[in-house]
Structures are given as structure tokens and as C-alpha cells.
Amino acid sequence: MSLRVAVAAPFRGAGTRTMEESRFVVSLSLDRDWFSPDQAKRLIDVAVSEGLLSRTDGGLEATFAVEDVEIPEEFVPDEDLLVRRSPFERVLERIVAGGVDKRTAVARINELQGELGVTIEVAAVVFARRKGIDVSAEVPAVRGTLNRED
């Protein structure tokens, strides 16, 4: 969730859902002093890969309602946000946020993977949907794993 907060902050500060990439980097690195410029650029890549930002001809566009994101005054993002997470990790995070114990979720997802003969990512989506947890934002990334060769 803190990735969403870090991404929302520059847009909230500017009162917009679109901005030039350079302005986004300046906001995170110089205005807020959260990241170096290189780290801010890395954050953009991670946010794009996770579907929170899209690149446009004019720069960047938030793909979620930034105005609905609360940014605590004391908030400082962790550098671990700069690590790109796999689709499975993102689905699992949503499952845990939905109230399912992480160990229980992983065990049941592994069982489903064997039962259904699908990838771990697909099994995680099936598990989440069976629990009523919305992971629709992760489905395109999971689809992308179906064509990979391991």
C-alpha cells in the first residue's frame, strides 16, 4: 500500500492525475527528499509494472484515484518499494490484506496449483477469487506469465 501512497504524493501535491516525468522525479527527490533522482525513476518503472502509472506522450498518468489516497504527515516510503514484485507476490499481498493468514494462503495456493495443474500465479488468482478478494488489477500480469518459458 505504501507504493500507492508514494506514487500518489506528487500528483496530490500538484492537484492533478497527470504530470511530466521530470516533475514527478523532482517532487519525490527534491521536494520531499524521499528518494534520489535515480531511485525516483526506478519507482516510476515499478509503478508502471504494477499498473499504478501509465506512460503517456505528456509524461505520466496515475491509473487510480490519487485524491482518495491518504498521505500521513509522517509518511516516509521504504526503499524496498524500488524492487519489482512478481505477479504472484502482488496477488499474495492482496490476499493477506483481505484477511487471510499468509502461511495458510501459500499452503492452499500450492495445493490448488497441484490440483488444477496451473501456474502458481493462476492458482493464487483462483484462491483469491474463491475467497471473494478482488485481484482483477493483477490479472493482466498473471496472464503475461502464461506465455513465459521457465
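Which of the residues belonging to segment 1-18 are open to solvent by 10 Å² or more (accessible area, probe 1.4 Å), under 19 Å from the mean Cα position of the chain (by Cα) and not basic (K, R)? Spell out the reasoning first.
Within segment 1-18, the subset open to solvent by 10 Å² or more (accessible area, probe 1.4 Å) is 1-5, 12-18.
Filter again for under 19 Å from the mean Cα position of the chain (by Cα), leaving 1-5, 12, 17-18.
Those that are open to solvent by 10 Å² or more (accessible area, probe 1.4 Å), under 19 Å from the mean Cα position of the chain (by Cα) and not basic (K, R): M1, S2, L3, V5, T18.
Taking the conditions exactly as written (closer than 28 Å to L146 by Cβ, open to solvent by 60 Å² or more (accessible area, probe 1.4 Å) and touching a residue at least 40 places away in the same chain (Cβ under 8 Å)), does R42 satisfy them or not? Don't jump to the end; show me each part of the working.
Values: closer than 28 Å to L146 by Cβ: yes; open to solvent by 60 Å² or more (accessible area, probe 1.4 Å): yes; touching a residue at least 40 places away in the same chain (Cβ under 8 Å): yes.
For R42, the condition - closer than 28 Å to L146 by Cβ, open to solvent by 60 Å² or more (accessible area, probe 1.4 Å) and touching a residue at least 40 places away in the same chain (Cβ under 8 Å) - is met.
May I ask you to say which residue of V83, V66, V76 is of a type in the set (V, I, T) and surrounded by 17 or more Cβ atoms within 10 Å (Cβ to Cβ)?
Numbers: V83 fails: surrounded by 17 or more Cβ atoms within 10 Å (Cβ to Cβ); V76 fails: surrounded by 17 or more Cβ atoms within 10 Å (Cβ to Cβ).
Answer to the check: V66.
For the structure I just gave you, tell me whether T119 is open to solvent by 20 Å² or more (accessible area, probe 1.4 Å), among the hydroxyl-bearing types (S, T, Y) and in contact with a Ser or Thr (Cβ under 8 Å, 6 or more places away or on another chain).
On the way: open to solvent by 20 Å² or more (accessible area, probe 1.4 Å): yes; among the hydroxyl-bearing types (S, T, Y): yes; in contact with a Ser or Thr (Cβ under 8 Å, 6 or more places away or on another chain): yes.
Yes, satisfied.
Of the residues that make up segment 79-95, is at least one in contact with a helix residue (DSSP H, G or I) (Cβ under 8 Å, 6 or more places away or on another chain), assigned to a loop (DSSP other than H, G, I, E, B) and modelled with pLDDT of 90 or more?
No - not one qualifying residue is present in segment 79-95.
The values are calculated or read from the model by the stated rules, or taken from the named source; none is laboratory data. Worth saying up front: this structure is predicted, and the values here are computed from it rather than measured. Quick reminder, even Gly has a Cβ in these numbers, built from the backbone with ideal geometry, and neighbours come from all protein chains shown. What goes into the accessible areas is simple: the full protein's heavy atoms, side chains included, and nothing from ligands, DNA or RNA. Shrake-Rupley method; radii C 1.70, N 1.55, O 1.52, S 1.80 Å.
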